[in-house]
Structure formats: C-alpha cells, structure tokens
1. So what are the ³J(HN,Hα) numbers for the stretch 180-196, from phi and the Karplus equation (6.51, -1.76, 1.60; θ = phi - 60°), rounded to whole Hz, Gly and Pro as x?
2. Can you list the residues, at least 5 places off or on another chain, whose amide H is less than 5 Å from the amide H of Ser159, using H built in the peptide plane?
3. Kirkwood hydrodynamic radius, the chain, all distinct C-alpha pairs: what's the number in Å?
4. If I build a Gaussian network model for the chain, linking alpha-carbon pairs within less than 10 angstrom, which residue out of Arg175, Arg127, Arg98 has the largest mean-square fluctuation?
5. When N is the residue count of the stretch 93-158, what does its C-alpha Rg come to as a fraction of 2.2 N^0.38 Å?
6. One-quarter of the Cα convex hull surface for the stretch 165-307, in nm²?
7. Just subtract the alpha-carbon distance of Ser118 and Tyr264 from 0.36 nm times their residue separation and send over the number in nm, one decimal.
8. Assuming R0 = 30 Å, what is the FRET efficiency of Glu19 and Ser294, from their Cβ-Cβ distance, to the nearest 0.05?
Amino acid sequence: MEQVFGTPPGARAPRGMVEELAAAIAGEIGSGMAPPGTHLPAQSLADRFGVSRFPVSQALRLLAEHGVLRAEPRRGFFVAEAGPDRAGAMAGRGDRDRLSQVYFAMAEDRVAGRLPDSISEAALRDRYGVSKGQLAQLLDRIAAEGWAERRPGYGWRFSSVLTTPDALEQTYRLRLAIEPAALLEPGYRLDPETAAQCRAVEEHMLAGGIETASADALYERGVRYHEAVVGASGNPFMLDTLRRVNRIRRLLVYRSLTDRERFYRQAREHLAMLDLLQAGRNAEAAEAMRAHLSEVVTSLRRMRGLLEAR
C-alpha cells in the first residue's frame with residue numbers, strides 16, 4: 001500500500017473522503033472525460049483535488065474493485081473498457097447533482113457580488129440549504145480551486161477572483177503569450193499516450209458529448225487539453241503559469257459555457273493541433289494555437305453582456 005509522509009503503516013484515509021473522491025473520478029469517467037485506456041496518475045489527481053496521494057490511491061483501488069479501472073503493475077491505474085458504463089453506479093448521481101447545483105449557485109453569487117468576502121459556515125448552510133457534511137464537501141472543493149480559504153477560528157474568506165470580462169480577456173492575452181511559445185520550446189515532446197487520450201476526449205465531445213457534458217466537464221476538458229499540450233514543452237514555469245490562470249478564471253468562464261455551439265469548432269481545432277504536433281510541425285501548431293486563442297477572445301467579446309455581473 002502506498003504511504004504518504006505522516007501516515008502510519010496500515011492507516012486508512014477517512015472512508016467518506018475516499019468514497020467522495022471515487023465518486024468524483026467516476027463522474028468524470030462516466031461523462032466521457034476519461035475514455036477507456038486513459039491513465040489516471042495518482043499525483044495528478046491529488047494535485048487537482050487538493051489532497052494527498054494516500055486517499056486518491058485508495059479511491060483508485062476502490063474503483064478498480066468495481067471494474068471501473070484496471071490496475072497494471074508498476075504502471076498504475078487505467079480506465080477499463082467497461083469503465084464508463086460501470087462508473088454511473090459509483091458516481092452517486094443524485095447527491096452529486098444536488099451539490100453541483102449548489103456549487104454553481106455559490107459561484108454565480110460570488111461573481112455577481114451577492115456573496116460577501118467573509119461569511120460563517122452557519123450562514124452558508126442557511127443560505128444554500130445544505131448539511132454540514134455537504135457544505136464541507138463544497139468548501140473543500142472551493143478551497144482546492146483557490147477561491148476561498150478558512151478564516152482563523154471563524155468562517156471562510158473568499159479570495160479575489162475574476163469578476164469582469166476585461167479581467168478574463170487579460171488572462172487570454174497572457175495565454176496568447178505563453179501557449180504558442182510553449183510549442184516552440186527546445187525538446188518539445190508530446191507523449192503518444194497523452195496525445196491519444198486528448199484525441200479520444202475531443203472525438204467524444206464531437207460525437208455528442210458537448211451537448212450532454214456538464215459545465216464542469218466542459219471546463220475540465222479544455223483545461224486538461226491545454227495543460228497537456230503546454231506540459232509537453234518540458235518548461236515547468238510555463239505550465240505553472242497556465243495552471244494558476246486556469247484556477248482563477250474558472251468562475252467567470254462558467255457563464256460562457258451556456259453557448260455550446262462554439263465548442264464544436266474548438267474541438268476540431270484541438271484535433272488539428274494534435275495532428276500538427278504529432279507530425280512534428282510545431283511552428284504551424286503554434287500559429288494554430290495563436291489563432292485558436294484569439295478566436296476565443298473574439299467569442300468572449302460577443303458574449304460580454306452574458307459575462308458581466310448581474
């Protein structure tokens with residue numbers, strides 16, 4: 001059994017945490033964000049969920065026991081062929097859908113200025129009608145995403161987040177400076193397995209996933225694609241900058257996800273860039289990335305009224 005610093009041999013993470021992580025991972029698999037054959041590195045999941053590797057490893061083992069994943073010695077866990085079909089039962093759809101609705105209500109209230117900078121847990125429970133356990137799950141997620149933190153001894157403080165279209169556009173201009181350049185880094189190499197996983201997700205989206213995916217899944221799909229492509233540069237500073245930008249732009253971007261038609265074009269552009277990168281035509285891929293991000297900026301300008309605080 002894997003062991004993390006400070007965890008004694010034979011220890012187990014709290015069962016509720018393990019089951020919640022397993023449900024979250026299963027939900028992504030069931031939504032098509034991780035097709036059969038996708039490798040699920042424990043450390044990457046731990047970083048994304050804001051926990052240690054220990055509970056993530058237990059959640060992965062739990063999913064393997066239910067046939068959602070398969071374990072390969074010395075390689076880790078991969079989505080099983082029947083994984084997407086079996087993931088539904090593990091995802092706990094009813095409760096997760098309810099928590100997802102509350103999460104988006106909190107996000108919308110924060111962006112619109114209806115949620116104060118500091119607030120107690122009791123006030124949050126009353127406002128959104130959730131239990132202590134449900135609120136704890138929501139706040140754990142929000143804290144991991146970086147837009148709230150626990151106040152010493154009392155309640156929670158919401159951090160500064162993007163709340164205007166101008167600020168969101170600034171993040172895209174930063175990405176325009178970073179992402180095309182990342183594709184031109186010396187020694188750039190996109191791992192074939194990573195490329196195949198990215199391709200499978202985009203093809204799933206074009207096959208109907210765009211219409212059925214949650215806002216969460218749509219956002220994560222884009223984040224994972226761009227972070228995988230930039231990560232292949234081998235430049236950790238570029239990847240770290242992109243990750244920071246992705247965390248802080250999350251709330252305002254959710255509003256733009258109501259217009260799904262543009263995601264068909266974006267998915268086709270993602271696939272075209274993969275083709276160029278795998279053919280070693282990085283200069284062309286960099287220009288394609290520049291055009292891709294510039295078009296997103298244009299789309300956001302057209303949706304300015306939707307993005308402005310209401």
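1. x, 5, 4, 6, 9, 5, x, x, 4, 8, 8, 4, x, 5, 5, 4, 5
2. For Ser159, whose amide H was placed from the backbone, the distant partners under 5 Å are Ala148, Glu149.
3. Details: mean 1/r = 0.0486 Å⁻¹.
After inverting the pairwise mean of 1/r, the radius is 20.6 Å.
4. Highest fluctuation of the listed residues: Arg127.
5. Working: Rg = 11.1 Å, N = 66, 2.2 N^0.38 = 10.8 Å.
Rg over 2.2 N^0.38 Å, computed on Cα atoms: 1.03.
6. Working: hull surface 30.3 nm².
Projected over every direction and averaged, the Cα hull of the stretch 165-307 covers 7.6 nm².
7. Details: separation 146, 0.36 × 146 = 52.56 nm, distance 3.94 nm.
The span from Ser118 to Tyr264 would gain 48.6 nm if fully extended.
8. Numbers: r = 43 Å, r/R0 = 1.44.
Efficiency, rounded to the nearest 0.05: 0.10.
Just so you know, all these numbers are worked out from the coordinates, no wet-lab data involved. Just so it is clear, the model here is predicted, and its values are computed rather than measured. Using ideal geometry, Cβ is built from the backbone for each residue, glycine included, and neighbour counts are taken over all protein chains shown.
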